[in-house]
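The values are calculated or read from the model by the stated rules, or taken from the named source; none is laboratory data. As the structure is a prediction and not an experimental result, all values here were calculated from the model. Quick reminder, even Gly has a Cβ in these numbers, built from the backbone with ideal geometry, and neighbours come from all protein chains shown.
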Amino acid sequence: MNGEILEQIRFPSPNPSIDLYIVTYAVDGLKVKGLLAVPKREDISDGFLYLRGGIKNVGKVRPGRIVQFASEGFIVFAPFYRGNQGGDGNEDFAGEDRKDGIAAYHLLKNYPRVNRVHVFGFSRGGVMALFVGIHCQVASIVTWGGVSDMVQTYEERKDLRRMMKRVIGGTPAKYPERFYERTPLHYLDKINAPTLIIHGIQDTNVSIEHSKKLEEGLQKQGKVVETWYFPEFTHYFPPKVNRKVVENLCSWMKKHTEKLVK
């Protein structure tokens with residue numbers, strides 16, 4: 001069954017109050033791996049699905065980052081995506097590997113103590129998070145420097161074109177349908193969770209236009225959307241600011257969870 005935990009192995013944790021595990025879980029017959037952080041506090045019941053950016057060894061899941069979110073009061077799961085760190089299959093840059101995120105949602109939803117699941121995506125993980133929100137009943141969605149338009153990514157990132165042509169199987173001009181189906185902007189009517197968009201306006205990895213298009217699209221659909229745009233920052237925020245934004249976005253998630261419960 002998709003999202004079923006097949007293996008759970010202890011992993012050294014930098015925080016004694018949080019247990020870390022390397023998890024192997026099922027996705028369409030593949031064995032995919034990810035990192036699970038479980039706070040020892042028994043009163044924590046919110047799940048947090050962390051969807052990383054990059055591809056292959058670029059943007060790998062970092063234990064310290066996962067523990068940072070778990071420390072804010074969440075049971076956190078971060079898939080490595082198929083084909084990475086000993087998992088089956090090949091990463092597909094927001095194609096078939098979107099199922100890795102959707103199955104990871106079900107893993108968290110069925111995990112002991114978890115009542116609801118929030119989803120967070122950074123960079124390329126923004127596409128993944130939005131598709132999880134399109135297909136699953138998530139409590140909230142946060143995208144940070146997130147991709148929303150795969151055609152625009154192809155046009156903006158000349159350094160990624162070779163990889164995208166290889167993975168997706170061609171260009172947007174030759175195979176527009178392949179880029180269309182990887183672009184969540186076309187399916188925003190199916191999102192029902194409140195969405196928070198975070199972006200540095202000086203970002204050259206993922207332009208602010210991705211977030212502006214997402215904001216506009218959600219507003220047109222009458223969805224709940226909030227934006228935190230930072231004029232002075234790029235794709236990467238200074239550590240002190242980064243920590244504060246993490247605290248604030250986690251508070252934002254919990255605030256919307258309280259509304260949901262009421």
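Does at least one position in segment 93-115 carry a residue that is touching a helix residue (DSSP H, G or I) at 6+ places or on another chain (Cβ under 8 Å), farther than 23 Å from Ser148 by Cα and either at pLDDT below 95 or not in a strand (DSSP E or B) (or both)?
Yes, that holds for at least one residue.
Taking only segment 146-171 into account, find how many residues are among the aliphatic types (A, V, I, L, M), within 15 Å of Pro184 (Cα to Cα) and either touching a Gly at 6+ places or on another chain (Cβ under 6 Å) or surrounded by 18 or more Cβ atoms within 10 Å (Cβ to Cβ) (or both).
So the count comes out to 2.
Identify the single condition in (1) crowded, with 17+ Cβ neighbours inside 10 Å; (2) closer than 14 Å to Gly146 by Cβ; (3) among the β-branched types (Val, Ile, Thr) that Val246 does not satisfy, given that it satisfies every other one.
(2)
For segment 130-178: of the residues being aromatic (Phe, Trp, Tyr) and farther than 24 Å from Leu107 by Cα, which is nearest to the chain's Cα centre (by Cα)?
Tyr154
Out of all the residues in segment 60-89, which are touching a helix residue (DSSP H, G or I) at 6+ places or on another chain (Cβ under 8 Å) and not basic (Lys, Arg)?
Gln68, Phe69, Glu72, Gly73, Phe74, Ile75, Val76, Phe77, Ala78, Pro79, Tyr81
When you check Lys190 against the structure, is it basic (Lys, Arg) and in contact with a strand residue (DSSP E or B) (Cβ under 8 Å, 6 or more places away or on another chain), yes or no?
no
Which one of these does Ala173 not meet: (1) touching a helix residue (DSSP H, G or I) at 6+ places or on another chain (Cβ under 7 Å); (2) hydrophobic (A, V, I, L, M, F, W, C); (3) without any contact (Cβ under 8 Å) to a residue 12 or more places away in the chain?
(1)
Residues checked against (1) buried (at least 20 other Cβ atoms within 10 Å of the Cβ); (2) over 15 Å from the mean Cα position of the chain (by Cα); (3) among the aromatic types (Phe, Trp, Tyr):
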{"residue": "Ile5", "(1), (2), (3)": "no, yes, no"}
{"residue": "Ser13", "(1), (2), (3)": "no, yes, no"}
{"residue": "Leu35", "(1), (2), (3)": "yes, no, no"}
{"residue": "Asp46", "(1), (2), (3)": "yes, yes, no"}
{"residue": "Ile55", "(1), (2), (3)": "yes, no, no"}
{"residue": "Gly86", "(1), (2), (3)": "no, yes, no"}
{"residue": "Asn110", "(1), (2), (3)": "no, yes, no"}
{"residue": "Arg116", "(1), (2), (3)": "no, yes, no"}
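Report yes if Thr143 is in a strand (DSSP E or B), surrounded by 14 or more Cβ atoms within 10 Å (Cβ to Cβ) and at pLDDT 95 or above, otherwise no.
yes
Counting just the residues of segment 52-80 that are within 15 Å of Asp97 (Cβ to Cβ) and in a strand (DSSP E or B), which one comes out modelled with the lowest pLDDT?
Only one residue fits best here, namely Val58.
Quick grid of which residues meet (1) in contact with a helix residue (DSSP H, G or I) (Cβ under 7 Å, 6 or more places away or on another chain); (2) modelled with pLDDT under 95; (3) part of a helix (DSSP H, G or I):
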| position | (1), (2), (3) |
| --- | --- |
| His199 | yes, no, no |
| Ser211 | no, no, yes |
| Glu216 | no, no, yes |
| His235 | no, no, no |
| Lys240 | no, no, yes |
| Arg243 | no, no, yes |
| Met253 | no, no, yes |
| Thr257 | no, yes, yes |
| Leu260 | no, yes, yes |
